[in-house]
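Working notes, beginning with the structure itself.
The values are calculated or read from the model by the stated rules, or taken from the named source; none is laboratory data. Model, not experiment: these values are computed from the prediction. Virtual Cβ from ideal backbone geometry, glycine too; neighbours counted across all protein chains shown.
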């Protein structure tokens, strides 16, 4: 318990390859966990399509989320993000890096609560996905934070003609 009588929340850790602080949390990730969470966040934001990223494209997203920029793009996705600059990075006044990190941390936060027995998870066929509830409170769904979509400026791989 901290001084105010609230239970202090532990920080998430799957490794120490990537250490990020976001809001009041400090989370550590192994490389695979971090990469998967970054890819998932990019899909949730409609920046990329599910399951279509190459290793180089994933590396560019990892670089963007971990250090806040892409110094040397490794892929056409990295080139796209650098070339389109503010149009994509600050789409409609929303910061892409902020939202990628927000969703990455949100997933880790949910996993930490799940491992601690604080959440129940149910797969709902109608939605085609998992729904989280505080343990013992099925009427209080914990949903993803409302977030913007980058669909209008999403990266699409050019197909050979």
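A few notes on this one:
For every residue, the table says whether it meets (1) surrounded by fewer than 15 Cβ atoms within 10 Å (Cβ to Cβ); (2) modelled with pLDDT of 95 or more; (3) touching a strand residue (DSSP E or B) at 6+ places or on another chain (Cβ under 7 Å).
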residue: 96; (1), (2), (3): no, yes, no
residue: 102; (1), (2), (3): no, no, no
residue: 110; (1), (2), (3): no, no, yes
residue: 132; (1), (2), (3): no, no, yes
residue: 150; (1), (2), (3): no, yes, yes
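- Test: residue in region 149-156 that is in a loop (DSSP other than H, G, I, E, B), in contact with a helix residue (DSSP H, G or I) (Cβ under 6 Å, 6 or more places away or on another chain) and under 16 Å from residue 43 (Cα atoms): yes
- Residue list for region 59-78, filter: free of Cβ contacts under 8 Å to residues at least 60 places away in the same chain, buried (at least 16 other Cβ atoms within 10 Å of the Cβ) and in a helix (DSSP H, G or I): 59, 60, 61, 62, 63, 64, 65, 66, 78
- Residue in region 140-149 that is closer than 22 Å to residue 54 by Cβ and touching a residue at least 40 places away in the same chain (Cβ under 8 Å) present: no
- Flag for residue 56 being surrounded by fewer than 19 Cβ atoms within 10 Å (Cβ to Cβ) and modelled with pLDDT of 95 or more: yes
- Within region 113-128, residues that are free of Cβ contacts under 8 Å to residues at least 40 places away in the same chain and at negative phi sit with their Cβ atoms under 6 Å from residues that are surrounded by 11 or more Cβ atoms within 10 Å (Cβ to Cβ) and in a loop (DSSP other than H, G, I, E, B), at 6+ positions apart or across chains, in these pairs: 118/135; 120/135.
- Restricting attention to region 112-124, the residues being in contact with a strand residue (DSSP E or B) (Cβ under 8 Å, 6 or more places away or on another chain) and either under 17 Å from residue 22 (Cα atoms) or assigned to a helix (DSSP H, G or I) (or both) number 2.
- Hits in region 24-39 - residues which are under 22 Å from residue 50 (Cα atoms) and either within 11 Å of the chain's Cα centre (by Cα) or in contact (Cβ under 8 Å) with a residue 12 or more places away in the chain (or both): 29, 30, 31, 33, 34, 35, 36, 37, 38, 39
- Screening the candidates 104, 81 for the property of being within 19 Å of the chain's Cα centre (by Cα), in a helix (DSSP H, G or I) and under 15 Å from residue 154 (Cβ atoms) yields one hit, 81.
- Of everything in region 84-101 that is touching a residue at least 24 places away in the same chain (Cβ under 8 Å) and more than 13 Å from the chain's Cα centre (by Cα), the residue that is nearest to residue 154 (Cα to Cα) is 88.
- Looking across region 134-146, the residues that are surrounded by 12 or more Cβ atoms within 10 Å (Cβ to Cβ), part of a loop (DSSP other than H, G, I, E, B) and under 20 Å from the mean Cα position of the chain (by Cα) come down to 141, 144.
- Against the list (1) in a helix (DSSP H, G or I); (2) under 13 Å from residue 155 (Cβ atoms), the condition residue 46 fails is (1).
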